[in-house]
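Below is one structure; the comments refer to it alone.
The values are calculated or read from the model by the stated rules, or taken from the named source; none is laboratory data. Note that the coordinates shown come from a computational prediction; the quantities given were computed from them, not determined experimentally. Cβ: placed from backbone, ideal geometry, glycine included. Neighbour counts: every protein chain shown.
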Amino acid sequence: MEYLRVLFPENREVLADDDEVGSTNSVIMLKHGEYEISLSGSGYTPVSRKIVLMGTTIKHPKQISFKVSSEG
């Protein structure tokens with residue numbers, strides 16, 4: 001298994017290839033591979049991030065972040 005942490009100031013559902021896999025600011029377990037990561041709702045940027053999950057550990061997850069959008 002691989003590990004991902006998605007940082008965002010609000011609690012949101014994290015989507016991997018449009019499937020709900022967990023929530024922001026917590027460690028999420030996924031199979032190794034390529035994913036397009038996005039968040040539920042709107043008001044964040046970028047719209048999505050393409051990542052490759054490989055070689056992570058629970059103590060050292062891949063970490064990505066989204067920012068609150070100034071639009072809307």
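Please work out which residue is surrounded by the fewest Cβ atoms within 10 Å (Cβ to Cβ), limiting yourself to segment 19-47 and to residues that are in contact with a Gly (Cβ under 9 Å, 6 or more places away or on another chain) and either modelled with pLDDT under 95 or over 9 Å from V6 (Cβ atoms) (or both). Give the steps one after another, and end with the answer.
Restricting attention to segment 19-47, the residues satisfying the condition of being in contact with a Gly (Cβ under 9 Å, 6 or more places away or on another chain) are 28-30, 32, 42-43.
Next cut, either modelled with pLDDT under 95 or over 9 Å from V6 (Cβ atoms) (or both) only: 29-30, 32, 42-43.
Numbers: M29: 14, L30: 21, H32: 12, S42: 9, G43: 14.
So the residue we want is S42.
Are there any pairs, at least 6 apart or on different chains, whose C-beta atoms fall under 6 Å, with the first in segment 48-72 and farther than 19 Å from M29 by Cβ and at pLDDT below 95 and the second surrounded by 15 or more Cβ atoms within 10 Å (Cβ to Cβ) and hydroxyl-bearing (S, T, Y), and if so, which?
Short answer, once both residue conditions are applied: S69/Y44.
Just a yes or no: is a residue in segment 11-27 out of contact with any Asp or Glu (no Cβ under 9 Å at 6 or more places or on another chain), charged (D, E, K, R) and in contact (Cβ under 8 Å) with a residue 24 or more places away in the chain?
Yes - at least one qualifying residue is present in segment 11-27.
Does S48 satisfy the condition of being more than 13 Å from the chain's Cα centre (by Cα) and among the hydroxyl-bearing types (S, T, Y)?
Details: more than 13 Å from the chain's Cα centre (by Cα): no; among the hydroxyl-bearing types (S, T, Y): yes.
Spelling it out, it is not the case that S48 is more than 13 Å from the chain's Cα centre (by Cα) and among the hydroxyl-bearing types (S, T, Y).
Residues being over 19 Å from S69 (Cα atoms), assigned to a strand (DSSP E or B) and charged (D, E, K, R): count how many of those fall in segment 1-35. Explain how you work it out, then say what you get.
Here is the first cut: in segment 1-35, the ones over 19 Å from S69 (Cα atoms) are 1-5, 16-22, 26-35.
Right, trim to assigned to a strand (DSSP E or B) and you get 2-5, 16, 19-22, 27-30, 33-35.
Retained after the next criterion (residues that are charged (D, E, K, R)): 2, 5, 19-20, 34.
Number satisfying all stated conditions: 5.
Name every residue in segment 49-66 that is surrounded by 12 or more Cβ atoms within 10 Å (Cβ to Cβ) and among the basic types (K, R), in order of residue number.
Those that are surrounded by 12 or more Cβ atoms within 10 Å (Cβ to Cβ) and among the basic types (K, R): R49, K62.
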